[in-house]
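Asks: Before we start, here is the structure in question, set down as structure tokens.
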Amino acid sequence: MAESHAQRLALGITYRGGAYLGWQSQPGGRTVQDRLEAALSAFAATPVKTVCAGRTDTGVHALNQVVHLDAPVARDPFSWVRGTNRYLPGDIAVQWCQPVAADFDARRSAQGRRYRYLLLQSAVRPSVEQGLCGWSFRPLDLRAMRQAAALLIGEHDFSAFRAAECQARTPVKTMRSIRIEQRGGTWRFDFDASAFLHHMVRNLMGCLLAVGEGRRPPTWMGEVLQARRRELAAPTFAAEGLYFLGPYYDARHAIPDHTPAMDWLS
């Protein structure tokens, strides 16, 4: 009799990152991966391990984190959603589940990744939005920030925006687009790239705000990029406003790229 193989599944996860030490598993267990794998294992009644599309930092949220696993038991896809969510805390939820080809890998198969930063521009600090957005008390110049952002588009060495502890093999990434929009006091910054370095978006945000607040000219962004020196860039900006929108893949994988939470934060 031929040996049977576990079915590979892809799942989409949303979470608020404020209570966790990022995605990646740690000995203390206070990470999103630890909570998710514990819930999956409880539902399957056997240990389950996952591979994610992007490792988010402490305090960072996700609206469509994609993971894959090799299912140790046979269950309908939506049973994995409902069953796993029974064992998860209220700030983490599985949104969807679907079978994928055996060669699908949540991380390696991704063609790009998207992040969104939400910012409150107000003379008064956030209250209702506390923990869910960044904050600037100074007026912001939209045109200046868009000019600075344009200098980042394309393939570049992003060493100036890389955390010292970053483990990426190369600092060269392709920034495909940066969109900056304002709705009253709420600002939205959308980043789309081939991949991101550790703290890259938060470091870019620090520099964009230095330009937007008038502390630096737009051309300064290009100078920092070309210098490739982290100490010349602005300090790392707050994690609270950063959301991992998720990865995207070749259409043959049919991976969902949208969750209801994205509409709430649009």
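Asks: Only one of Leu132, Leu69, Leu119 is within 19 Å of the chain's Cα centre (by Cα), within 25 Å of Met262 (Cβ to Cβ) and not in a loop (DSSP other than H, G, I, E, B); which?
Replies: Details: Leu132 fails: not in a loop (DSSP other than H, G, I, E, B); Leu69 fails: within 19 Å of the chain's Cα centre (by Cα).
When all the criteria are applied, what remains is Leu119.
Asks: Has the stretch 192-211 got any residue that is more than 16 Å from the chain's Cα centre (by Cα) and surrounded by fewer than 16 Cβ atoms within 10 Å (Cβ to Cβ)? Before you say what the answer is, go through the steps one by one.
Replies: Initially, the stretch 192-211 is screened for residues more than 16 Å from the chain's Cα centre (by Cα), giving 206-211.
Subset that is surrounded by fewer than 16 Cβ atoms within 10 Å (Cβ to Cβ): none.
No; the residues of the stretch 192-211 include none that is more than 16 Å from the chain's Cα centre (by Cα) and surrounded by fewer than 16 Cβ atoms within 10 Å (Cβ to Cβ).
Asks: Working only within the stretch 232-256, note down all residues that are under 30 Å from Arg8 (Cα atoms) and over 13 Å from the mean Cα position of the chain (by Cα).
Replies: Tyr249, Asp250, Ala251, Arg252, His253, Ala254, Ile255, Pro256
Asks: OK, next. If I ask for residues that are under 14 Å from Gly212 (Cα atoms) and open to solvent by 30 Å² or more (accessible area, probe 1.4 Å), which ones from the stretch 123-138 would you list?
Replies: Trp135, Phe137, Arg138, listed by residue number.
Asks: Which members of the stretch 158-183 meet the condition of being modelled with pLDDT under 95 and of a type in the set (Gly, Ala, Ser)?
Replies: Residues satisfying the conditions are Ala163, Ala164, Ala168.
Asks: Filter the stretch 139-162 down to the residues that are outside any helix (DSSP H, G or I) and either open to solvent by less than 10 Å² (accessible area, probe 1.4 Å) or in contact with a Gly (Cβ under 8 Å, 6 or more places away or on another chain) (or both) and list them by number.
Replies: Keep residues of the stretch 139-162 that are outside any helix (DSSP H, G or I), which gives 139-141, 151-158, 162.
Hits for the stretch 139-162 are Leu140, Asp141, Leu151, Leu152, Phe158.
Let's see how each residue does on (1) surrounded by fewer than 19 Cβ atoms within 10 Å (Cβ to Cβ); (2) in contact (Cβ under 8 Å) with a residue 60 or more places away in the chain:
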site	(1), (2)
Arg30	yes, no
Ala39	no, no
Asp57	no, yes
Gly90	yes, no
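The values are calculated or read from the model by the stated rules, or taken from the named source; none is laboratory data. Please read these numbers as outputs of a predicted model, since none were measured by experiment. Note: ideal-geometry Cβ built from the backbone for every residue, glycine included; neighbour counts use all protein chains shown. All accessible areas refer to the heavy atoms of the entire protein, side chains included, with ligands and DNA or RNA removed. Shrake-Rupley method; radii C 1.70, N 1.55, O 1.52, S 1.80 Å.
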